[in-house]
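Inspection log for the structure reproduced underneath, given as structure tokens.
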Amino acid sequence: MTTSNYTTIKIIGLSGPSSSGKSTLARLLRKVLPNSIILYEDDFYKPETEIPVNPDNGLQDWDCPEAFDLVYLNQVLTEIKQSGGTIPASFESKEETNTLGPSNVTDEELAEVQRSIAVDVNTLFVIVDGIMLFNEGSPLIATPSATPDSANPLDLALFVRAPYFDLLKRREARAGYVTLEGFWADPPGYFDDIVWPGYVKSHSYLFEDGQVDGPLTTQAASEFGIRTPAQMNCTMLELLQWSVNEIKRSLL
């Protein structure tokens, strides 16, 4: 258990489709923000025996909201916030040990971004990285009229996207994923059969006319407070600069 005593806890939700660069961006933000930790939604997958099976093709669906224990994730966030930044003793991350590809952000570029932001030493930033944070019905987002028990635990909601073919190429280049019980490798066609349709189904409600490559709806932007870059083909440096600007504008 990591014990802390920060006076202010700011929770940043960082979501988007699989292979959109969320984890790389989260680790860059951790370097930029002096006091920050990452919670990976992938650490909250349910046991393999509880992963839903797609009725159309018989494949396990690791990319749907029901594959995650979002209630437990919400509980961990609440405990961190109420305890001044203490991570529950029952929680252990396996995702933190996973290596990522190069970010293509140079040390000089990173240092420049670091110089652009000043943060109170008594503030802890908790970056939550996951594909199913803002799906319809998620306990992590709620309207301003929500009851206190269901209030939004996130102080900032960032949503990063990338063009379909970029996502497909990146996902298919991955060797696989470590699970609670072992290792998962996508079968052929998994992105088109499971990943992309699941992303669209879970997130189309956030975008005008249900088009996930279009602008956010008024509700998503104003009531849910979700922010997304105007362009979908941003470089990682551009995503980092945009994220830091949103943090400065909304949290500092």
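Just so you know, all these numbers are worked out from the coordinates, no wet-lab data involved. Nothing here was measured: the structure is a model prediction, and the numbers come from that model. As a convention, Cβ positions derive from the backbone with ideal geometry for all residues, glycine included, and neighbour counts pool all protein chains shown.
In nm, to one decimal, how far is the Phe183 label point from the Leu110 one, both placed 7 Å along Cα→Cβ?
Using points 7 Å along Cα→Cβ, the separation is 2.8 nm.
For Asp213 and Glu238, compute 0.36 nm times the residue count separating them, minus their Cα-Cα distance, and round to one decimal in nm. Walk me through the numbers before you get to the answer.
Working: separation 25, 0.36 × 25 = 9.00 nm, distance 1.81 nm.
Net length gain for the segment: 7.2 nm.
Could you give the length gained by full extension between Glu136 and Asn98, i.e. 0.36 nm per residue of separation minus their alpha carbon distance, to one decimal place?
Working: separation 38, 0.36 × 38 = 13.68 nm, distance 2.85 nm.
Taking Glu136 through Asn98 to full extension adds about 10.8 nm, to one decimal.
Mind checking which aspartates and glutamates have their C-alpha under 20 Å from Lys169, skipping anything on the same chain fewer than 8 residues away?
Filter leaves Asp61, Asp63, Asp186, Asp192, Asp193, Asp213.
Listing Thr99, Thr218, Thr179, Thr123 from the residue with the fewest other Cβ atoms within 10 Å to the one with the most, what is the order?
Ranked by crowding around the Cβ, least crowded first: Thr99, Thr218, Thr179, Thr123.
What aspartates and glutamates sit close enough to Lys94 to cross-link, taking a C-alpha to C-alpha distance under 14 Å and skipping anything fewer than 8 places away on the same chain?
Here the aspartates and glutamates satisfying the reach criterion relative to Lys94 are Glu41, Asp42, Asp43, Asp129, Glu181.
Nearest 5 is fine: what % of DSSP beta bridges in the chain come out antiparallel, could you say?
Given both bridge residues lie in the chain, the antiparallel proportion sits at roughly 20 percent.
Could you calculate the FRET efficiency of Arg170 with Asp120 from 1/(1 + (r/R0)^6), where r is the beta carbon distance between them and R0 is 45 Å, rounded to 0.05?
0.80
How big is D for the stretch 156-252, in µm² s⁻¹ as a whole number, if Stokes-Einstein is applied with the Kirkwood radius of its Cα pairs at 37 °C and 0.692 mPa s? Don't jump to the answer; show the numbers that get you there.
Values: Rh = 15.3 Å.
Rounded to a whole number, D works out at 214 µm²/s.
Given an 8 Å cut-off on Cα distances and at least 6 residues of separation, report the relative contact order of the stretch 8-251 as a percent.
On the way: 348 pairs, mean separation 77.7, N = 244.
It rounds to 32 percent for the stretch 8-251.
Give me the lysines in straight-line cross-link reach of Lys10: C-alpha distance below 19 Å, same-chain residues under 8 apart excluded.
Lys22, Lys31, Lys81, Lys248
What is the magnitude of the charge dipole of the chain about its Cα centre, with +1 placed on the Cβ of each Lys and Arg, -1 on the Cβ of each Asp and Glu, and no other charges, expressed in debye to the nearest 20? Could you put the intermediate results ahead of the total?
Numbers: 18 positive and 35 negative charges, 167 e Å.
Here the chain has a charge dipole of around 800 debye.
Who wins for biggest fluctuation among Thr97, Thr106, Thr228 in a Gaussian network model of the chain, springs between alpha carbons below 10 Å?
Highest fluctuation among the options: Thr97.
Taking the Cβ of Leu156 as the center, what net charge do the other residues with Cβ under 12 Å away carry, scoring Lys and Arg +1 and Asp and Glu -1?
With Lys, Arg at +1 and Asp, Glu at -1, the net is +2.
Based on a Kirkwood Rh over C-alpha pairs, give the Stokes-Einstein translational diffusion coefficient of the stretch 192-243 at 20 °C and viscosity 1.002 mPa s in µm²/s.
Result for D is 176 µm²/s.
Let me know the volume per residue of the alpha-carbon convex hull for the stretch 1-126, in Å³. Walk me through the numbers before you get to the answer.
Values: hull volume 15.5 nm³, N = 126.
Spread over its residues, the Cα hull of the stretch 1-126 gives 123 Å³ apiece.
Nearest-5 percent of antiparallel DSSP beta bridges in the stretch 1-142?
15 percent
Could you give the length gained by full extension between Ser250 and Gln82, i.e. 0.36 nm per residue of separation minus their alpha carbon distance, to one decimal place?
Length gained between Ser250 and Gln82: 58.4 nm.
Please provide three numbers in whole Å: the alpha-carbon extents of the stretch 64-128 along the principal axes, with the largest listed first.
So the three principal-axis extents are 39, 31, 20 Å.
Taking a cut-off of 30 Å, what percent of all Cα-Cα pairs in the stretch 8-251 are separated by more than that?
Details: 6730 of 29646 pairs.
Here the tail beyond 30 Å accounts for 23 percent of pairs.
Assuming R0 = 35 Å, can you tell me the calculated FRET efficiency for the pair Asn5 and Lys31, based on Cβ-Cβ distance, to the nearest 0.05?
Values: r = 23 Å, r/R0 = 0.66.
Here the calculated transfer efficiency is 0.95.
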